[in-house]
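Participant: Sending over a structure as structure tokens; questions will come in a sec.
All of the numbers you see were taken from the coordinates with simple rules; none came from a lab. Keep in mind it's a predicted model, so treat the numbers as computed, not measured. Note that we place each Cβ from the backbone using ideal geometry, even for glycine, and neighbour counts take in every protein chain shown.
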């Protein structure tokens, strides 16, 4: 097949996407509460339990504003996600939205970025899970997993076995079916919110205003740098959009779930960051990856609150692994159904679960978690996410122009201003990332383009329509 500009920019009709979603082989069984739990579960825990200690030294006490800025950037994109999720209720999330608005090549790049956002962030979170597992073992049993077996190369170890184990356990739960996965997610989400409320209640007893001065030692540059780092902690609010074919009423519930989950997550992040910094200062936060447990231990002078926090973090971060892994597999279902990746990724078993897809993704991510350092993973994930968010903001504008009368159960307020602000904020956060992150991302996109032109462009189902 001759690859022409027209072929590369061909779009997939919204009506066709909607029809595929309506006749999906996946099973519809999720209401609003499970969808909110899915997005909160995919988000809450990644930044607060893992990244806060890395971001606090960059911004100082103003790391609280870093969370606000990152949350604001996420909000504008969330509104765009909500509109498209209500108009195009399929499992492909930003990939499918880009296919309907910006064309196949852009959709492929977006999907390739989502592999970075979902697949790689699972590995990054799993690495942090091992830190809290060690903290829990140390406070209860006085034991630690040997460094060689609990950290990847480059961080003092040989292989991170706990990180690989939690990924494989999450994949096993997903193989049980959507109802079972949703139940586990809801329980774990309620538990993690409860643990973080407990943290705030204890940490506020050690509140010292002196720890908040100077509030912004590095000025706006430090706040922006911190926001770029902690934006990783907002990855996942869009997880509900990957459940478009397993929600009972996607047009109504998907937009609600996205907006509600982001409001919950941002509120919790700001409260936890403020009380943590005020209690111990940014130096203590930066000294340990299991930073919140260290805060409670210093504030109370005893180990039991830190033990509760560490246990909650173990459960919370495991639920993040579960929900983000779920999102990754569903995006691959959509890409496979379009012919851009091998067909086995969209095949489902008698439980309506993409079994082979889940096994492959689980195995690859487990290896990644075991062998790659957290910092590099988190940074690379942020840029992939921001590119996907940018495309969603552009997609809202394009679809408003091309199909103004398309039924929408949610309309982004003050468009086109709102999507444009979301786009500008995403671009600004991307520019705040390190050069090594840009280089890593450029290599990732180049690999993706090679895969697309060697495989996907010729096997696209649009070629046969």
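Participant: Please work out how much length the chain gains when fully extended from residue 208 to residue 270, using 0.36 nm per residue of separation minus the C-alpha to C-alpha distance, in nm with one decimal.
Facilitator: Between residue 208 and residue 270, full extension yields an extra 20.6 nm.
Participant: Normalised by the number of residues in the chain, what is the relative contact order in percent for Cα pairs under 8 Å and 6+ residues apart?
Facilitator: 33
Participant: Which FRET efficiency, nearest 0.05, do residue 420 and residue 159 yield, Cβ-Cβ r, R0 56 Å?
Facilitator: My answer for the efficiency is 0.75.
Participant: Run the simple label-point estimate for residue 431 and residue 364 please: 7 Å along Cα→C-beta, distance reported in nm.
Facilitator: Label at residue 431, label at residue 364, 3.3 nm between them.
Participant: Let me ask something else about it. At 20 °C and 1.002 mPa s, grab the translational diffusion coefficient of segment 109-205 from Stokes-Einstein with a Kirkwood Rh over Cα pairs, rounded to a whole number in µm² per second.
Facilitator: 136
Participant: When the helix-only estimate is applied to the chain (DSSP H runs of n ≥ 4, each -39,500 (n - 2.57), divided by the residue count), what is the mean residue ellipticity at 222 nm, nearest 500 deg cm²/dmol?
Facilitator: Mean residue ellipticity, 222 nm, calculated: -22500 deg cm²/dmol.
Participant: By per-residue mean of other Cβ atoms within 10 Å, what is the highest-first order of 429-439, 382-392?
Facilitator: Top of the packing list down: 382-392, 429-439.
Participant: OK, next. Please state the Cα pair-distance histogram of segment 258-334 with 10 angstrom bins from zero: what percent is in each bin?
Facilitator: Pairs per bin, as whole percents: 16, 37, 30, 13, 4, 0.
Participant: Would you kindly state how much longer the chain becomes between residue 304 and residue 149 on full extension, computed as 0.36 nm times their sequence separation minus their alpha carbon distance, in nm to one decimal?
Facilitator: Taking residue 304 through residue 149 to full extension adds about 53.2 nm, to one decimal.
Participant: For the residue pair residue 351 and residue 141, what label-to-label distance in nm results when each label sits 7 Å from Cα along the Cα-to-beta-carbon direction?
Facilitator: Each label point lies 7 Å from its Cα, and together they span 2.8 nm.
Participant: Report the Cα centroid-to-centroid distance between segment 191-269 and segment 392-465 in angstrom, as an integer.
Facilitator: Cα centroid to Cα centroid, the span is 23 Å.
Participant: Multiply the residue separation of residue 462 and residue 401 by 0.36 nm, subtract the distance between their alpha-carbon atoms, and state the gained length in nm to one decimal.
Facilitator: Gain on stretching residue 462 to residue 401: 19.7 nm.
Participant: Another one. Among 75-84, 329-338, what's the highest-first ranking by average C-beta atoms within 10 angstrom per residue?
Facilitator: 75-84, 329-338
Participant: What is the spin-label model distance, in nm, from residue 72 to residue 197 if the labels are put 7 Å beyond Cα along the C-beta direction?
Facilitator: Inter-label distance under the simple model: 2.9 nm.
Participant: Okay, which of segment 233-256 sit inside 17 Å, backbone N to the point 7 Å along the Cα-Cβ direction of residue 179?
Facilitator: Residues passing the 17 Å test: 246-249.
Participant: Same structure again: How far is helix 250-280 tilted, in degrees, relative to the longest principal axis of the Cα atoms in the chain, given as a value from 0 to 90 rounded to the nearest 10?
Facilitator: 20
Participant: Right, here's the next one. Based on the mean of other Cβ atoms within 10 Å per residue, sort peptides 91-103, 204-216, 154-166, 11-23 so the most packed one is first.
Facilitator: Order by mean packing, descending: 91-103, 154-166, 11-23, 204-216.
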